[in-house]
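Visitor: This is the structure, below, for whatever I ask next.
The values are calculated or read from the model by the stated rules, or taken from the named source; none is laboratory data. The structure displayed is predicted, hence computed values, not measured ones. Backbone-built Cβ (ideal geometry, glycine too); neighbour counts: all protein chains shown. For the accessible areas, the whole protein counts, side chains as well, though only heavy atoms, and no ligand, DNA or RNA atoms are used. Shrake-Rupley method; radii C 1.70, N 1.55, O 1.52, S 1.80 Å.
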Amino acid sequence: EIRTDLVAGEKNKLDCFCRRCGCKVFRPNAATFVHHEFHLPPHDEPQKGFWSCGMMDFENIGFTHSKDTLKFLTCADCEIEVVGYQDLSNPREM
């Protein structure tokens with residue numbers, strides 16, 4: 001469940017930062033919250049919601065190598081944690 005203080009309509013209300021190093025990942029109003037369940041490594045439980053945006057909406061993002069039809073997203077500064085994914089069958093949204 002998304003916290004209502006983080007959204008304005010369906011868009012992110014605030015800057016989004018890497019939980020590990022504090023680097024800005026995207027600015028307010030750059031991403032839309034989508035209710036979608038997906039298992040991100042290394043989490044044991046599936047994540048149930050994501051901020052979705054285009055590649056040019058990010059301030060700072062890195063990509064892993066492709067695995068099947070997926071690329072995983074990470075903070076480009078610290079590269080410590082998987083923060084999202086890109087389905088290569090729909091490459092304009094992440």
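Visitor: Under 1.5 on a/c is rounded, so check that first for the chain, then, if it is not, pick prolate when a/b is larger than b/c and oblate when it is not; a ≥ b ≥ c are the square roots of the alpha carbon gyration tensor eigenvalues.
Guide: Working: a/c = 1.40, a/b = 1.24, b/c = 1.13.
Verdict is rounded for the chain.
Visitor: Continuing with this model, one more query. Could you look at the stretch 3-94 and say what percent of its accessible area is carbon and sulfur, using a 1.4 Å probe and all protein chains?
Guide: Values: 3070 of 6120 Å².
Whole-percent figure for carbon plus sulfur exposure: 50.
Visitor: What number comes out for the charge environment of Phe63, summing +1 per Lys or Arg and -1 per Asp or Glu over other residues with Cβ under 13 Å away?
Guide: Working: positive: Lys67, Lys71; negative: Glu79, Asp87.
Counting the neighbours of Phe63, the net charge comes to 0.
Visitor: Taking amide H positions as placed in the peptide plane 1.01 Å from N, state which residues far from Glu81 in sequence (5 or more) or on other chains have amide H under 5 Å from it.
Guide: Cys75
Visitor: Distance between Cα centroids, the stretch 3-25 to the stretch 39-68: provide it in whole Å.
Guide: Going from one Cα centre to the other spans 14 Å.
Visitor: Can you give the longest stretch of the chain with no exposed loop site, where a site means trypsin sites (Lys or Arg not before Pro) in a DSSP loop (not H, G, I, E or B) with at most 10 other C-beta atoms within 10 Å? Each step should come with its number before you reach the end.
Guide: On the way: sites that count: Arg3, Arg92.
That would be 4-91.
Visitor: Just to confirm, what accessible area per residue do you get for the chain at 1.4 Å probe, in whole Å²?
Guide: Working: 6360 Å² over 94 residues.
Heavy-atom SASA per residue in the chain reads 68 Å².
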